[in-house]
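Here the structure is laid out as structure tokens; the discussion comes afterwards.
The values are calculated or read from the model by the stated rules, or taken from the named source; none is laboratory data. From a predicted model like this one, the values you see are computed outputs, not experimental measurements. Note that each Cβ is placed from the backbone with ideal geometry, even for glycine, and that neighbours are counted across all protein chains shown.
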There are 2 protein chains.
Amino acid sequence: MCQLLGMNCNTPTDIVFSFTGFATRGGQTDEHKDGWGIAFFEGKGVRHFVDHQPAVSSPIAQLIKQYPIKSKNVIAHIRKATQGEVMLENCHPFVREYWGQQWVFAHNGDLKEFYPTLDGHFHPVGTTDSERAFCFLMQELARAFPHQAKDEQPSVEQLQAVLQGLTRQIASFGTFNMLLSNGQALFVHCSTRLHYVERRFPFTTATLSDDDLAVDFAQVTTPQDKVAVIVTEPLTNNENWHAFAPGEFRLFVEGSAMKATEVKP
Amino acid sequence: MCQLLGMNCNTPTDIVFSFTGFATRGGQTDEHKDGWGIAFFEGKGVRHFVDHQPAVSSPIAQLIKQYPIKSKNVIAHIRKATQGEVMLENCHPFVREYWGQQWVFAHNGDLKEFYPTLDGHFHPVGTTDSERAFCFLMQELARAFPHQAKDEQPSVEQLQAVLQGLTRQIASFGTFNMLLSNGQALFVHCSTRLHYVERRFPFTTATLSDDDLAVDFAQVTTPQDKVAVIVTEPLTNNENWHAFAPGEFRLFVEGSAMKATEVKP
């Protein structure tokens with residue numbers, strides 16, 4: 001299995017603190033050593049870093065821990081291979097363009113016999129069940145909103161209604177904890193294990209569970225800042241982490257957790 | 001204008017030496033300081049680094065200069081903005097997936113009034129003429145080979161025949177020096193200025209024009225290695241660089257320059 005980390009904020013924020021704890025699980029405090037990756041939205045652009053070395057010893061992970069890239073939406077992943085060899089093309093997160101937007105996806109879990117018909121414009125480059133699921137999601141989104149010009153992109157509400165149904169469909173094949181973002185919102189589906197915390201005023205000091213590091217967020221924020229962090233297992237031992245329920249779908253917008261509206265079957 | 005750097009090899013090779021000279025032009029020995037980027041194929045996967053800081057001072061460029069990533073196809077770019085603001089989404093190279101392959105593209109030049117109809121599945125994320133040209137190329141490739149399953153990808157020969165016509169068509173709108181790769185070959189079109197060198201046995205010592213650095217390739221190669229480097233202006237002052245002719249289209253496969261076959265109009 002793998003571990004997921006996501007961040008959604010109302011102001012560009014660096015993820016150095018959370019990533020430092022998370023990357024420690026990539027080969028040191030935990031066994032997820034078959035590659036890792038992280039993608040940062042910056043404006044409409046994406047910085048995408050993947051490496052098939054363990055996160056704990058990767059020179060690129062070292063850079064990320066030292067270089068405070070500020071972003072409103074970040075998705076990171078450390079991999080313990082279940083399907084697909086340890087190769088760069090099998091490292092999450094995966095990125096595709098559609099409607100002139102970048103889409104970023106990462107998955108934790110294992111899908112059994114999941115071979116959807118992919119006859120649209122999205123095809124896996126690697127050999128993971130995860131990238132197949134991502135291509136299926138993009139194909140079905142493209143079908144749900146077929147005639148959208150670049151300036152008529154579907155709204156976050158329209159997207160979540162379709163994504164909630166699609167993620168439920170994929171989750172019937174196995175474990176499907178996933179993070180997806182188009183830079184406007186972070187969409188989350190939980191099959192088994194995911195947690196989130198909302199950091200906001202008044203900010204306090206947080207201490208990492210996996211590393212000897214604490215940060216006083218009050219020193220590095222303004223009272224208006226809102227930051228939501230979503231992760232497989234809580235990263236700190238003194239914050240109010242919420243566990244997702246199995247089957248729960250949520251979206252995060254501007255640093256706040258939103259409840260998915262009910263989708264009619 | 002901008003500058004381009006490409007490398008095509010028959011064995012995975014690091015680009016540290018050439019990139020070091022090239023990055024120096026990004027704000028130090030030359031004026032291309034409006035961002036930069038580099039993409040490395042590794043197997044079927046791609047490592048893609050972009051930064052809107054000048055290459056000469058970017059921490060990510062620093063990493064690339066120190067971390068010998070080995071690749072058979074590399075495309076790099078340093079930008080001096082002509083169209084489109086200095087933003088991450090306007091940094092080359094651009095990446096798209098099609099046929100389960102990653103496609104990487106970078107452009108030097110300026111296209112006047114180039115607004116092709118983009119009604120397929122490829123749309124620009126940023127605002128450059130270059131990304132419009134890339135989306136147009138991908139759209140027309142997808143139209144030329146519409147029913148290809150993942151295991152029936154067009155051959156390099158089929159691709160070059162179509163690409164030679166398409167690049168000529170785009171070049172009629174202005175300056176279109178470009179590098180394009182799907183990881184199998186490096187396709188090159190020259191409008192005005194591009195040079196290439198083929199490094200092969202017996203290898204010699206090369207000295208950078210832009211930096212105080214020399215390397216004896218005989219020490220870091222085997223007699224079987226073939227490496228072609230394509231760049232706007234020659235990087236070394238003691239190698240046999242060939243200038244492309246205006247309007248020339250060439251592909252590079254396994255470290256060798258191939259002459260494009262004539263395309264019937």
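Listing for the model above:
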| read-out | value |
| --- | --- |
| For A:Thr127: the one exception among (1) under 24 Å from A:Thr192 (Cα atoms); (2) assigned to a strand (DSSP E or B); (3) of a type in the set (S, T, N, Q) | (2) |
| Matching residues in the stretch A:172-197 - criterion: being charged (D, E, K, R) and in contact with a His (Cβ under 7 Å, 6 or more places away or on another chain) | none |
| Strands (runs of 3 or more DSSP E) fully within the stretch B:5-114 counting 2 or more residues that are at pLDDT below 90 and within 14 Å of chain A (Cβ to nearest Cβ) | none |
| Any strands (runs of 3 or more DSSP E) falling wholly within the stretch A:142-224 and containing at least 3 residues that are at pLDDT below 95 | A:205-207, A:214-216 |
| Hey, A:Glu140 acidic (Asp, Glu) and over 22 Å from A:Thr192 (Cα atoms) or not | yes |
| Single residue of the stretch B:115-129 satisfying the filter (in contact (Cβ under 8 Å) with a residue 40 or more places away in the chain and of a type in the set (S, T, N, Q)) that is nearest to the other protein chains (Cβ to nearest Cβ) | B:Thr127 |
| The lone exception for B:Lys259 - which of (1) among the charged types (D, E, K, R); (2) more than 29 Å from B:Leu111 (Cα to Cα); (3) exposed (fewer than 12 other Cβ atoms within 10 Å of the Cβ) it fails | (2) |
| When residues of the stretch B:193-235 are limited to those that are of a type in the set (S, T, N, Q) and within 29 Å of B:Gln101 (Cβ to Cβ), the one surrounded by the fewest Cβ atoms within 10 Å (Cβ to Cβ) | B:Thr222 |
| Some residue of the stretch A:48-69 being within 15 Å of the chain's Cα centre (by Cα) and of a type in the set (Lys, Arg) | no |
| Residue match in the stretch B:1-24 (condition: within 17 Å of B:His92 (Cβ to Cβ), surrounded by fewer than 21 Cβ atoms within 10 Å (Cβ to Cβ) and in contact (Cβ under 8 Å) with a residue 60 or more places away in the chain) | yes |
| Residue that is surrounded by the most Cβ atoms within 10 Å (Cβ to Cβ), among those in the stretch A:127-140 that are touching a helix residue (DSSP H, G or I) at 6+ places or on another chain (Cβ under 6 Å) and modelled with pLDDT of 95 or more | A:Ala133 |
| Complete set of residues in the stretch A:74-98 that are among the β-branched types (Val, Ile, Thr) and farther than 13 Å from A:Ala133 by Cα | A:Val74, A:Ile75, A:Ile78, A:Thr82, A:Val86 |
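Per-residue answers, yes or no, for (1) in contact (Cβ under 8 Å) with a residue 60 or more places away in the chain; (2) in contact with a His (Cβ under 8 Å, 6 or more places away or on another chain); (3) acidic (Asp, Glu):
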| position | (1), (2), (3) |
| --- | --- |
| A:Ala76 | yes, no, no |
| A:Lys80 | yes, yes, no |
| A:Met87 | no, yes, no |
| A:Gly109 | yes, no, no |
| A:Phe134 | no, yes, no |
| A:Gly165 | yes, no, no |
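Let's see how each residue does on (1) closer than 19 Å to B:Lys70 by Cβ; (2) touching a Pro at 6+ places or on another chain (Cβ under 9 Å); (3) of a type in the set (Phe, Trp, Tyr):
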{"position": "B:Arg199", "(1), (2), (3)": "yes, no, no"}
{"position": "B:Phe203", "(1), (2), (3)": "yes, yes, yes"}
{"position": "B:Asp212", "(1), (2), (3)": "no, no, no"}
{"position": "B:Trp241", "(1), (2), (3)": "no, yes, yes"}
{"position": "B:Pro246", "(1), (2), (3)": "no, no, no"}
{"position": "B:Phe249", "(1), (2), (3)": "no, no, yes"}
{"position": "B:Ala257", "(1), (2), (3)": "no, no, no"}
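To keep it simple, each residue is scored yes or no on (1) in contact (Cβ under 8 Å) with a residue 40 or more places away in the chain; (2) of a type outside the set (Phe, Trp, Tyr); (3) closer than 21 Å to A:Phe176 by Cβ.
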| position | (1), (2), (3) |
| --- | --- |
| A:Asp212 | no, yes, no |
| A:Gln224 | yes, yes, no |
| A:Val229 | yes, yes, yes |
| A:Leu235 | yes, yes, no |
| A:Asn240 | yes, yes, no |
| A:Pro246 | yes, yes, yes |
